[in-house]
Amino acid sequence: MHQDLQFNQGQQAGEVLVSGPLDRNSVAAGWGSRKKWLPSGGQVTLDLAQVEQVDSAGLAMLIRLQAELSQGDRELSLRNVNKQLQQFAAVSGVTQLLSLS
């Protein structure tokens, strides 16, 4: 059974709790629905504690989100990043871009 990628508002301002797989099977729907889950202003913090699996598509979505927010002078912060995402970022050379160092 494939769990859906979910985005829920956290308790802090700008906090989004992400759960499920952040992979090629789920990122298109997650990206397409970002107007619903993405806070409209200020810094955005994605809490990835409940993310079960990440692949290169998930990493690409985070990079694209970072770029989109930067264009609006906003920041993206990632919290509770799992080892799998850290390794993908390191291999891809985007650790610093995503502030994972």
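Of all residues assigned to the range 55-64, none qualifies as being in a strand (DSSP E or B), aliphatic (A, V, I, L, M) and either surrounded by fewer than 12 Cβ atoms within 10 Å (Cβ to Cβ) or touching a helix residue (DSSP H, G or I) at 6+ places or on another chain (Cβ under 9 Å) (or both). Does the range 43-53 contain at least one residue that is assigned to a loop (DSSP other than H, G, I, E, B), in contact with a Gly (Cβ under 7 Å, 6 or more places away or on another chain) and charged (D, E, K, R)? No, the range 43-53 has no match at all. Evaluate the range 23-30: report whether one residue or more is among the hydroxyl-bearing types (S, T, Y) and either touching a residue at least 60 places away in the same chain (Cβ under 8 Å) or surrounded by 16 or more Cβ atoms within 10 Å (Cβ to Cβ) (or both). Yes, because at least one residue in the range 23-30 is among the hydroxyl-bearing types (S, T, Y) and either touching a residue at least 60 places away in the same chain (Cβ under 8 Å) or surrounded by 16 or more Cβ atoms within 10 Å (Cβ to Cβ) (or both). Residue count for the range 24-42 under the criterion of being over 11 Å from the mean Cα position of the chain (by Cα), assigned to a loop (DSSP other than H, G, I, E, B) and at negative phi: the result is 7. Taking each residue of the range 46-64 that is within 18 Å of N8 (Cβ to Cβ) and looking for partners that are of a type in the set (S, T, N, Q) and surrounded by fewer than 16 Cβ atoms within 10 Å (Cβ to Cβ) with beta-carbon atoms closer than 6 Å, six or more apart or interchain, yields D47/N80; L48/N80; A49/N80. Note on the range 65-82: residues that are free of Cβ contacts under 8 Å to residues at least 24 places away in the same chain and more than 14 Å from the chain's Cα centre (by Cα) amount to 4.
No value in this document is a laboratory result; all are computed from the given coordinates. Given the structure is predicted, the values throughout are model-derived calculations rather than measurements. Because the Cβ atoms are built from the backbone with ideal geometry, glycine has one as well, and the counts that use them run over all protein chains shown.
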